[in-house]
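None of the figures in this text is laboratory data; all of them are computed from the coordinates on show. Bear in mind the structure is a predicted one, so any value in this text is a computation, not a measurement. Neighbour counts run over all protein chains shown; Cβ positions are idealised from the backbone, glycine included.
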Amino acid sequence: MTIKTVILSGGSGTRLWPASRESYPKQLLPLTGEHSLLQETAVRLNGFA
């Protein structure tokens, strides 16, 4: 059996406007360093599945 990892992210991030907007949501912003929140999550999951 193969286990696949799925990262769920959504929302337009309107509370972070003007940094985030509908065409560039907060999940793609580098808020905590040089990588986006989505990239940081993928790095944390590396090796789990």
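Given +1 at the Cβ of Lys and Arg, -1 at the Cβ of Asp and Glu and no other charges, the dipole of the chain around its Cα centre is 120 debye to the nearest 20. Look at the dipole of the chain built from charges on Cβ: of Asn46, Gln27, Met1, the Cα furthest out on the positive end belongs to Met1. Assuming a ≥ b ≥ c are the square roots of the Cα gyration tensor eigenvalues, decide whether the chain counts as rounded (a/c under 1.5), prolate (otherwise, with a/b larger than b/c) or oblate. Cα axes put the chain in the oblate bin. Dividing the mean sequence gap of close Cα pairs (under 8 Å, 6+ apart) by how many residues the chain holds gives a relative contact order of 28 percent. In this structure, the amide hydrogen of Gly13, modeled 1.01 Å from its nitrogen in the peptide plane, lies closer than 5 angstrom to those of Lys26, counting only residues at least 5 positions away or on a different chain.
Each of the peptides 14-23, 1-10 was scored by the mean count of other Cβ atoms within 10 Å over its residues; in descending order, highest first, they stand as 14-23, 1-10. Here's how it looks for Leu31: its modeled amide H is under 5 Å from those of Leu37, which are all 5 or more places away or on a different chain. In plain terms, the chain from Lys4 to Thr41 could stretch by 11.8 nm, reckoned as 0.36 nm per residue minus the Cα-Cα distance.
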